[in-house]
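Okay, structure first, notes after.
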Amino acid sequence: MLLAFERYGQDPAGVLRQAQITPADLADPATRITGRQLETVSSLAMQQLDDEALGWFSRRLPWGSLGMLCRASLGAATLRVALRRWFRHHRLLTDDLRIDLEVREGQGAVVTLTERRPLGAMREFCLLSYLRFVHGYACWAIDSRLSLLSVGFPFPRPPHGDVYPLLFPGPVHFGAAQAHFTFDESYLALPQRRDAAAMDAMLQRALPLTVLQYRRDRLLAQRVRRLLAEDLAAAPVAGEVARRAGVSVRSLHRHLEQEGASLQGLKDEARRERAVALLTRGQDPVKQVARAVGFRSEKSFARAFKGWTGRTPGDCRRRGAAG
């Protein structure tokens with residue numbers, strides 16, 4: 001941001017003072033500022049410079065430009081449509097950075113940033129901010145945390161790399177071909193839940209969307225079900241499920257509870273469904289079915305199965321054969 005003030009020949013002293021950022025803070029590479037300080041300094045800088053891109057591009061993005069993109073996407077039925085509109089209209093503002101959305105087989109939905117001109121010393125801040133802009137808007141539009149499967153940046157890990165996991169809810173890596181983030185494509189089908197009044201309220205203080213994380217993930221239970229179903233035989237523990245879902249173990253349990261679910265309940269549900277399918281549609285021995293759904297012994301599987309269904313595995317198989 002200081003480089004932006006330098007580019008436009010303006011003095012940042014007033015903005016820094018209002019954000020309570022001192023000369024000593026600026027001189028110390030280890031200094032960290034709060035989310036509220038970032039909101040204050042960003043907002044004031046964008047307004048004073050009349051550039052929401054903060055000097056990144058060959059021309060200004062006047063104050064209100066990014067809000068215009070949000071308004072243009074307001075009537076979209078789903079997140080997929082909203083993001084495509086946001087990205088298409090962004091091209092009217094600048095050609096220096098292109099944003100694209102695609103669904104890649106085996107990877108999910110991917111948002112990529114393509115640099116169309118050298119961004120110089122502002123490159124890191126620009127790419128980081130844009131991914132946060134898009135992610136924050138997407139979360140707000142569907143009123144849900146959008147958990148990320150991966151986040152990549154096309155530069156080496158910076159000395160302050162420990163900040164990145166605070167900004168992006170997912171595994172972050174450096175040295176990627178392009179700046180991007182990936183997420184479960186199921187989020188794209190979620191409805192856009194905001195109206196004009198909500199938009200007006202959000203734009204009064206839009207910048208917190210770039211530094212605050214949504215707590216509630218409306219698709220976490222669905223994603224956990226899928227993860228469990230993919231590898232039931234391994235009986236994944238909470239830590240492994242959380243890692244693959246891109247959240248902490250604590251967040252995993254908290255978010256599932258908010259959705260009226262639990263990891264053990266989802267695991268039992270997935271095991272029950274797979275076991276019933278194997279018993280009624282196949283001829284594998286019960287012991288093999290038990291192993292396929294994560295049990296080491298046939299006895300413990302039979303006990304659990306009766307608790308789930310009120311029947312023994314043998315009863316289930318006979319009824320399936322009779323049906």
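Rule-based calculations on the coordinates, nothing more; no lab input. The structure presented is a predicted model; accordingly, all values stated were derived computationally and were not measured. When we count neighbours, we look across all protein chains shown, and the Cβ atoms used for this are built from the backbone with ideal geometry, even at glycine.
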Review point. How many percent of DSSP beta bridges within the chain run antiparallel, rounded to 5?
Key: 85
Review point. Short version: ³J(HN,Hα) in whole Hz for each residue of region 149-161, in order, from phi by Karplus 6.51 cos²θ - 1.76 cosθ + 1.60 (θ = phi - 60°), x for Gly and Pro, what are they?
Key: 7, 6, 9, x, 10, x, 8, x, 4, x, x, 9, x
Exercise for review: May I ask for the net charge around ASP200, where only other residues with Cβ less than 12 Å from the Cβ of ASP200 are counted and Lys, Arg are +1 while Asp, Glu are -1?
Suggested key: +2
Point to revise | For ALA229, net neighbour charge (Lys/Arg +1, Asp/Glu -1) across residues whose Cβ lies under 12 Å away | key: +3
Exercise for review: Taking a cut-off of 18 Å between Cα atoms, list the lysines near LYS267, but don't count ones fewer than 8 places away on the same chain.
Suggested key: LYS306
Practice item. Rank these for me by crowding, THR309, THR40, going from fewest to most other beta carbons within 10 Å. Key: THR309, THR40
Revision key, fill the gap. TM-like helix rule applied to the chain (DSSP H, alpha carbon span at least 20 Å on the long axis, mean Kyte-Doolittle at least -1.0) gives 35-49, 79-93, 123-142, 263-281
Exercise for review: Please arrange VAL249, VAL151, VAL293, VAL237 by counting, for each residue, the other beta carbons lying within 10 Å of its beta carbon, fewest first.
Suggested key: VAL237, VAL249, VAL293, VAL151
Practice item. May I ask you to list the aspartates and glutamates whose Cα is less than 14 Å away from that of LYS287, ignoring any residue fewer than eight positions away on the same chain? Key: GLU298
Check your understanding: To the nearest 0.05, how large is the calculated FRET efficiency for ALA72 and ALA233 if R₀ is 45 Å and r is the Cβ-Cβ distance?
Key -> 0.40
**Study point:** Where labels lie 7 Å past Cα in the beta-carbon direction, separation of PHE125 and ALA197 in nm
**Key:** 3.8
Revision key, fill the gap. Computed ³J(HN,Hα) along region 170-187: with the Karplus parameters 6.51/-1.76/1.60, θ = phi - 60°, integer Hz and x for glycine or proline, the list is x, x, 9, 9, 10, x, 6, 5, 9, 5, 6, 9, 10, 8, 4, 5, 4, 4
**Study point:** q = 0.10, 0.13, 0.15, 0.20 Å⁻¹: log10 I(q)/I(0) that the Debye formula gives for region 59-210, counting C-alpha atoms only
**Key:** -0.33, -0.58, -0.78, -1.42
Review point. Computed FRET efficiency, Cβ-Cβ of VAL249 and TYR164, R0 22 Å: what is it to the nearest 0.05?
Key: 0.65
Practice item. Along each of the three principal axes of the Cα atoms of region 1-144, give the extent in whole Å, ordering the values from largest to smallest. Key: 49, 31, 30
Check your understanding: How big is the charge dipole of region 1-49 about its Cα centre, in debye rounded to the nearest 20, if each Lys and Arg gets +1 on its Cβ and each Asp and Glu gets -1 on its Cβ?
Key -> 100
Exercise for review: Determine, for MET46, MET199, the number of other Cβ atoms within 10 Å of each Cβ, and report the residues in order from fewest to most.
Suggested key: MET199, MET46
Check your understanding: D for the chain, whole µm²/s, Stokes-Einstein with Kirkwood Rh over alpha-carbon pairs at 10 °C and 1.306 mPa s: what number?
Key -> 71
Study note, to complete from the structure: Taking N as the number of residues in region 1-49, the ratio of its alpha carbon radius of gyration to 2.2 N^0.38 Å works out to 1.08
